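Scroll down for the structure; my scribbles are underneath it.
The values are calculated or read from the model by the stated rules, or taken from the named source; none is laboratory data. Being a predicted model, the structure only gives us computed values, none of them experimental. With ideal geometry, Cβ positions are generated from the backbone for all residues, glycine too; neighbour counts draw on all protein chains shown.
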Amino acid sequence: MGKTIAEKIFDSHKVDNPFGDIHVIRLDAVFCHEITTPVAINDLVARGMDRVFDPTKIKAVIDHVTPAKDSKTAMQGKILREWAQRNNIVDFFDIGQNGVCHAIFPEKGFVRPGYTVIMGDSHTCTHGAFGAFAAGVGTTDLEVGILKGVCAFHYPESIKIEITGELPQGVYAKDAILAVISRLGVSGATNKVIEFTGNVIDKMSMEARMTLCNMAVEAGGTSGICAPDMVTVDYLWEFIKDEFASKDEALKSYQAFTADPDAGYTEVITIDASTLVPVATYGFKPDQVKPISEMTGEKVDQVYIGSCTNGRIEDLRIAAKVLAGNNVKAGVRGIVSPASPKIYSQALEEGIIKTFMDAGFCVTNPTCGACLGMSNGVLAEGEVCASTTNRNFNGRMGKGGTVHLMSPASAAATAINGYISNSNLYVTGDK
Amino acid sequence: MKDFNGKVLFLDRSDINTDEIIPARYLTEITKEALQPFLLEDLSLDGFDPARDIQKSSVVISRANFGCGSSREHAPWAFEVNDINIVIAESYARIFKQNMFNCGMMAVELEPKDIARLFAKFAGQETTLTTDLAKKTLHFSSEKDEETISFTLSEFDQALVEADGWVGYADAKY
Ligand code: SF4
């Protein structure tokens, strides 16, 4: 039988198979941020093992709370900063250069087709958009990754999600992935890789593919994954042009990491894109998804546009298109966090930041802060937020707060109306 | 090796997520011990009172998809510093389960029907668990009832429990 993308990656990275289906694989990249890495660093120091397996394969960023909000977060940054320095980790991104990990690392070309990547962050699955196996892990796995450059996983089974046809106007990758999660349920993909395929994916930008793969973990998935194609090569070209004579040659080489036609999947789900509509979550689980048309009227206190799911330039462009010439409803707080400095400056150049500001949005620096209720937009008890992030858990954006997940277009429309709304891009078909 | 015996805390809900186990606002802590007072602070579950219920417990039993959500190992640590080293449930989110064994703790899976029976028999009563790792049995006992049930552990998970976690195991081997 043929192999899935994940199986091909595992087979090319196998170090050991100590028990049953447990495979220890070699890692091409270990990503770190200031929330889950400092504890690993402290433990390594305490064990007298303050070293890294390969400083060029470790990338680190301060992104969750930046600039530091208090002494404790300042200390987390300090531990990471000093560790990067003493271990010669050159790719360390601090104030001025930092942004949300899953936006900034791909943007720097750190993820390639066929790579294996771990990070102490559940949304590491985002990087599967490049045809990589990318998994979120805990601090201990991270610690061993830093020290030895290996990680243990069950040999991966995959679910294939095929999205065919054409997305209706005003319907985005975010609506598609929420529909997939509502179908699979929050544990439907536990221990599995979700492989996204179909002509809708073929046409998607890398940004949109990252939005899809980002939320694989909300269905329990270990990694999302999209086959590498010319879109992938185009995105990476500036970083790989010295390695390949031409884009075609790069593509040929990366095609080693596409699935065989007779690969085996535990489940194949085909979705006709024309049946998809703008959706949002209700309740406290990401599989609680409804068409926005059934939720219209629900009032919000805050609208947040940003995060590793939807804080990229394409997302800001779409939101700005909805916002242009409109104002945020009185009494509603609009917050936008461009996910990286590059995205921020691009948005500045394109006039998008001005559109947001003219509409009454607060523009923050690139950070995760609001998404997990740590800084820059925390909710108060009883407040409701329309958000382009990926988790609507109880209290996620602040104790006692409620989060409705949706696309940037819907979030922008919700900001204008003050209640959950479809964007005019959907209503008028203007795209 | 850690201790896998003691009083049982019954958490009768599926999909208990890591934000409920330890909210993100406490992730600024850089020691495990500092998490101790905040375990399950945001858990929405009728009749559960963290102040009353956690202190006396050393074992948690729950339903499906326990520990879903974030990768934070702070979730197992928050249990560990409250002397809870074993969770028993129908199923787990992958990262949470791996984190438990990586810390030398146990995330034991039982069939839904067995979990349902344990809830029916023991929830609401003072129940004690005795774990026999060699025989792979869990012995539950309350004043009114008792039951011994077998469990399985993959060889890898067992090796991690015996090595007191993945760092010790991997450092010796790779
Ligand atoms: S933006 Fe949110 S989900 Fe993404 S890495 Fe940051 S905190 Fe996690």
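Which residue out of A:N365, A:N327 is surrounded by fewer than 17 Cβ atoms within 10 Å (Cβ to Cβ), away from the ligand (no atom under 15 Å from the Cβ), away from every other protein chain (no Cβ under 14 Å) and at negative phi?
A:N327 is the lone residue from the list that is surrounded by fewer than 17 Cβ atoms within 10 Å (Cβ to Cβ), away from the ligand (no atom under 15 Å from the Cβ), away from every other protein chain (no Cβ under 14 Å) and at negative phi.
Give the residues of the range A:200-223 that are in contact (Cβ under 8 Å) with a residue 40 or more places away in the chain, within 14 Å of another protein chain (Cβ to nearest Cβ), of a type in the set (G, A, S) and more than 14 Å from the ligand (Cβ to nearest atom), sorted by residue number.
A:A219, A:G221, A:S223, listed by residue number.
Of the residues A:V52, A:V24, A:V15, A:V65, which single one is among the β-branched types (V, I, T), in the same structural domain as A:V90 (by TED's automatic domain parsing) and under 23 Å from the mean Cα position of the chain (by Cα)?
Within the list A:V52, A:V24, A:V15, A:V65, the selection yields A:V65.
Restricting attention to the range B:134-156, report how many residues are loosely packed, with under 15 Cβ neighbours inside 10 Å, assigned to a strand (DSSP E or B) and among the acidic types (D, E).
Adding up the residues that qualify gives 1.
Condition test on A:T56, is it over 22 Å from B:A172 (Cβ atoms), more than 7 Å from chain B (Cβ to nearest Cβ) and in contact with a Leu (Cβ under 6 Å, 6 or more places away or on another chain)?
Against the criterion (over 22 Å from B:A172 (Cβ atoms), more than 7 Å from chain B (Cβ to nearest Cβ) and in contact with a Leu (Cβ under 6 Å, 6 or more places away or on another chain)), A:T56 does not qualify.
Failed condition for A:M374, given (1) in contact (Cβ under 8 Å) with a residue 24 or more places away in the chain; (2) over 17 Å from the mean Cα position of the chain (by Cα); (3) more than 10 Å from the ligand (Cβ to nearest atom), with all others met?
(3)
Quick one: would you say A:L348 is crowded, with 24+ Cβ neighbours inside 10 Å, farther than 20 Å from A:M206 by Cα and of a type outside the set (S, T, N, Q)?
no
Residues in the range A:65-77 that are touching a residue at least 24 places away in the same chain (Cβ under 8 Å) and more than 8 Å from chain B (Cβ to nearest Cβ): how many?
Number satisfying all stated conditions: 4.
Check B:I95, B:I84 and return the single one that is of a type in the set (A, V, I, L, M) and within 11 Å of chain A (Cβ to nearest Cβ).
Just one listed residue meets the conditions, B:I95.
Mind listing just one residue for me: the one in the range B:24-48 that is under 20 Å from A:T36 (Cα atoms) and of a type in the set (A, V, I, L, M) and, of those, farthest from the other protein chains (Cβ to nearest Cβ)?
B:L39
When the range A:4-50 is examined, which residues are found to be surrounded by 19 or more Cβ atoms within 10 Å (Cβ to Cβ), without any contact (Cβ under 8 Å) to a residue 60 or more places away in the chain and facing another protein chain (nearest Cβ under 7 Å)?
Within the range A:4-50, just A:P38 meets the criteria.
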